[in-house]
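Enquirer: One structure, pasted below without further comment.
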Amino acid sequence: MEHRNSLNVINSSFLIGMPLLAIVSVVFYSLQYGISWVEPLIFVAFYLACGLSITAGYHRLFSHRTHKAAWPMRLFYALFGAAAFQNSAIKWCSDHRRHHLKTDKEEDPYTVKKGFMWAHMGWVMVDQGEEIVEHVEDLQADKILAWQDRHIFLIGFLVGIVLPGAVGYLALGGTHGFLGGMIYGGFLRVVVVHHATFLINSAAHTWGTQPYSTANTSRDSPILSFLTFGEGYHNFHHTFQADYRNGHKWYHWDPSKWWIKVASWFGMTKDLHKIPKKSIESQKMKTAFEQSSGSEDVSSEVQAKLTHCVQQLRKGFTDLMKRREEYKLAKMERKKESKEAWKQRKEAHKARIKACKEQIAQARMEFKQLMQSIKVNQPIASV
Ligand SMILES: [Zn+2]
Ligand SMILES: [Zn+2]
């Protein structure tokens, strides 16, 4: 495939000009007016609104369809997503779906194989032939998104620059207030949200661990999740892109997941899709095995042991889910029986749950031994 690469003057001027404008205006504003608690507050509010519109909206809802959202939610994402100045949801998702479909290949618009800076922002600054918008018919059929696509720059300017200025005007008054809101909630915030998002394409494809798959360059970088509303668990995301969570454990820092979950309590989101735990855990086991055995050919005996461990683990999790469900049902019905009878039944339920957990632990133990045996055998195999 032949590409005629040339500089995209508008995008390049924006990506280089905005940080300069942000720095100069913050310095000018500080010398002229100082700073109160209002400016940082406007910054944080717009950082949250625009950041979440990209991660929970553009990414997890529109690109991956991991859940459904009511129209006020989609409108919110359309407005504040535009204010993030990362193009319309339709174009953003077209690029992003291609990124998943062709990860690390020539067709991947922001492949890290062309370098860290290319994946970070270079790809936005260079015209790569004709713009392709594909595989987004579902989004084009959404009236809110089609409207956003038609007026993307006007909406971005009004919601991303004028609105924070207006908030500043209301809070502090006069030119002082308007400038404060515009500079902190507009200019500076645009730059921070930009680079936080860009880091997912560059850093999350360069640094971190690969617990779920080594098929592509995506990595889990929990530290990045603090800057990007949970998007740092990128190896998990590339492996299980239909999951509305990126950090799948309850303690994983993933504010986008919490936002989507809390919205579901108010009927604003529904059909939150989760990959079953047994699939996640068995995938993790297989990946750890692949990483440990490397390119070495493993014997059929070792392969059979691995398959056994994976099957045991999956069965353990399937049973555990069933037993927990049964216990939950039993708890709801317990009023019908005497205290003593319930006590006995409760103990029986608990014992069965414990047995499942032991089965899981046993599978993990056998797997650990298997991994150790590979490590012991490796130097001999390489002689
Ligand atoms: Zn994605
Ligand atoms: Zn990626």
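The values are calculated or read from the model by the stated rules, or taken from the named source; none is laboratory data. What you are looking at is a predicted structure, and each value in this text was computed from that prediction instead of being measured. Here the Cβ positions follow ideal geometry from the backbone for every residue, glycine too, while neighbour counts run over all protein chains shown.
Enquirer: Within the range 44-61, is there a residue that is in a loop (DSSP other than H, G, I, E, B) and within 16 Å of ligand 1 (Cβ to nearest atom)?
Expert: Pass one, the range 44-61, residues in a loop (DSSP other than H, G, I, E, B): none.
The answer is no; no qualifying residue exists.
Enquirer: Follow-up question, since we're still on this one. Test Ser218 against the criterion of being surrounded by 24 or more Cβ atoms within 10 Å (Cβ to Cβ), within 16 Å of ligand 1 (Cβ to nearest atom), more than 11 Å from the chain's Cα centre (by Cα) and under 29 Å from Glu106 (Cα atoms), and give yes or no. Please lay out each step first, then the result.
Expert: Details: surrounded by 24 or more Cβ atoms within 10 Å (Cβ to Cβ): yes; within 16 Å of ligand 1 (Cβ to nearest atom): yes; more than 11 Å from the chain's Cα centre (by Cα): yes; under 29 Å from Glu106 (Cα atoms): yes.
In short, yes.
Enquirer: Testing Phe198 on (1) more than 13 Å from ligand 2 (Cβ to nearest atom); (2) surrounded by 14 or more Cβ atoms within 10 Å (Cβ to Cβ); (3) part of a helix (DSSP H, G or I); (4) in contact (Cβ under 8 Å) with a residue 40 or more places away in the chain, one condition comes back false. Which one is that?
Expert: Of the numbered conditions (1) more than 13 Å from ligand 2 (Cβ to nearest atom); (2) surrounded by 14 or more Cβ atoms within 10 Å (Cβ to Cβ); (3) part of a helix (DSSP H, G or I); (4) in contact (Cβ under 8 Å) with a residue 40 or more places away in the chain, the odd one out for Phe198 is (1).
Enquirer: When you look at Val133, is it more than 16 Å from ligand 2 (Cβ to nearest atom), within 23 Å of Gln241 (Cα to Cα) and surrounded by fewer than 22 Cβ atoms within 10 Å (Cβ to Cβ), yes or no? Give the derivation first.
Expert: Working: more than 16 Å from ligand 2 (Cβ to nearest atom): yes; within 23 Å of Gln241 (Cα to Cα): yes; surrounded by fewer than 22 Cβ atoms within 10 Å (Cβ to Cβ): yes.
Spelling it out, Val133 is indeed more than 16 Å from ligand 2 (Cβ to nearest atom), within 23 Å of Gln241 (Cα to Cα) and surrounded by fewer than 22 Cβ atoms within 10 Å (Cβ to Cβ).
Enquirer: Give the range 225-243 a look and list any residue that's surrounded by fewer than 22 Cβ atoms within 10 Å (Cβ to Cβ) and more than 23 Å from Asp271 (Cα to Cα), or say none.
Expert: Phe226, Leu227
For (1) touching a Ser or Thr at 6+ places or on another chain (Cβ under 8 Å); (2) in contact (Cβ under 8 Å) with a residue 60 or more places away in the chain; (3) surrounded by 13 or more Cβ atoms within 10 Å (Cβ to Cβ), each residue gets a yes or a no:
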position	(1), (2), (3)
Phe289	no, yes, yes
His308	no, no, yes
Lys354	no, no, no
Glu358	no, no, no
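Enquirer: Quick one: Ser225 ticks every box in (1) within 10 Å of the chain's Cα centre (by Cα); (2) under 30 Å from Gln359 (Cα atoms) except a single one, so which number is it?
Expert: The single condition Ser225 does not satisfy is (2).
Enquirer: Does at least one position in the range 256-266 carry a residue that is assigned by TED's automatic domain parsing to the domain that holds Arg60 and within 16 Å of ligand 2 (Cβ to nearest atom)? Explain how you work it out, then say what you get.
Expert: Here is the first cut: in the range 256-266, the residues assigned by TED's automatic domain parsing to the domain that holds Arg60 are 256-266.
So of that shortlist, the ones also within 16 Å of ligand 2 (Cβ to nearest atom) come out as 256.
Yes: one or more hits.
Enquirer: Scanning for something of a type in the set (A, V, I, L, M, F, W, C) and within 18 Å of Pro109 (Cα to Cα), does the range 253-261 turn up at least one residue? Spell out the reasoning first.
Expert: Start the filter on the range 253-261 by keeping residues that are of a type in the set (A, V, I, L, M, F, W, C), which leaves 253, 258-260.
Within this subset, residues satisfying the condition of being within 18 Å of Pro109 (Cα to Cα) are none.
Looking through the range 253-261, none of the residues is of a type in the set (A, V, I, L, M, F, W, C) and within 18 Å of Pro109 (Cα to Cα).
Enquirer: For the range 102-121, how many residues meet the condition of being part of a helix (DSSP H, G or I) and without any contact (Cβ under 8 Å) to a residue 12 or more places away in the chain?
Expert: We begin by selecting, within the range 102-121, every residue part of a helix (DSSP H, G or I); these are 112-114, 116-121.
Subset that is without any contact (Cβ under 8 Å) to a residue 12 or more places away in the chain: 114, 118.
Residues flagged as part of a helix (DSSP H, G or I) and without any contact (Cβ under 8 Å) to a residue 12 or more places away in the chain within the range 102-121 amount to 2.
Enquirer: Could you tell me which of the residues Val193, Val162, Val124 is buried (at least 22 other Cβ atoms within 10 Å of the Cβ), among the aliphatic types (A, V, I, L, M) and in the same structural domain as Ser94 (by TED's automatic domain parsing)?
Expert: Numbers: Val162 fails: buried (at least 22 other Cβ atoms within 10 Å of the Cβ); Val124 fails: buried (at least 22 other Cβ atoms within 10 Å of the Cβ).
Exactly one of Val193, Val162, Val124 is buried (at least 22 other Cβ atoms within 10 Å of the Cβ), among the aliphatic types (A, V, I, L, M) and in the same structural domain as Ser94 (by TED's automatic domain parsing), namely Val193.
Enquirer: Please work out which residue is surrounded by the fewest Cβ atoms within 10 Å (Cβ to Cβ), limiting yourself to the range 88-113 and to residues that are touching a Pro at 6+ places or on another chain (Cβ under 7 Å) and under 16 Å from Gly129 (Cα atoms). Walk me through how you get there before you give the answer.
Expert: Of all residues in the range 88-113, those touching a Pro at 6+ places or on another chain (Cβ under 7 Å) come to 95, 98-99.
Next, only the ones that are under 16 Å from Gly129 (Cα atoms) stay: 95, 98.
Numbers: Asp95: 22, Arg98: 18.
The residue in question is Arg98.
Enquirer: What's the total number of residues in the range 135-170 that are aliphatic (A, V, I, L, M) and outside any helix (DSSP H, G or I)?
Expert: Step one: filter the range 135-170 for residues aliphatic (A, V, I, L, M), giving 136, 139, 141, 144-146, 152, 154-155, 158-159, 161-163, 166-167, 170.
Remaining after also requiring outside any helix (DSSP H, G or I): 136, 141.
Selection size over the range 135-170: 2.
Enquirer: Would you mind telling me which numbered condition in (1) within 18 Å of the chain's Cα centre (by Cα); (2) under 16 Å from His195 (Cα atoms); (3) within 16 Å of ligand 2 (Cβ to nearest atom) Val124 fails?
Expert: Result: Val124 passes all but (1).
Enquirer: Can you tell which of Ala166, Ala242, Ala171, Ala141 is modelled with pLDDT of 95 or more and within 16 Å of ligand 1 (Cβ to nearest atom)?
Expert: Working: Ala166 fails: within 16 Å of ligand 1 (Cβ to nearest atom); Ala171 fails: within 16 Å of ligand 1 (Cβ to nearest atom); Ala141 fails: within 16 Å of ligand 1 (Cβ to nearest atom).
That would be Ala242, the only listed residue that is modelled with pLDDT of 95 or more and within 16 Å of ligand 1 (Cβ to nearest atom).
Enquirer: For the range 10-43, how many residues are among the aromatic types (Phe, Trp, Tyr), free of Cβ contacts under 8 Å to residues at least 40 places away in the same chain and in a helix (DSSP H, G or I)?
Expert: Filtering the range 10-43 down to residues among the aromatic types (Phe, Trp, Tyr) leaves 14, 28-29, 33, 37, 43.
From the residues that got through so far, the ones that are free of Cβ contacts under 8 Å to residues at least 40 places away in the same chain too are 28, 37.
Imposing the further condition that a residue be in a helix (DSSP H, G or I) reduces the set to 28.
Looking only at that region, the number is 1.
Enquirer: Do you know which residues across the range 71-99 are touching a residue at least 40 places away in the same chain (Cβ under 8 Å), in a helix (DSSP H, G or I) and within 16 Å of Leu199 (Cα to Cα)? Before you say what the answer is, go through the steps one by one.
Expert: The first filter runs over the range 71-99 and keeps only residues touching a residue at least 40 places away in the same chain (Cβ under 8 Å), leaving 71-75, 78-91, 93-94, 99.
Remaining after also requiring in a helix (DSSP H, G or I): 71-75, 78-82, 89-91, 93-94, 99.
His99 - this is the single residue of the range 71-99 that is touching a residue at least 40 places away in the same chain (Cβ under 8 Å), in a helix (DSSP H, G or I) and within 16 Å of Leu199 (Cα to Cα).
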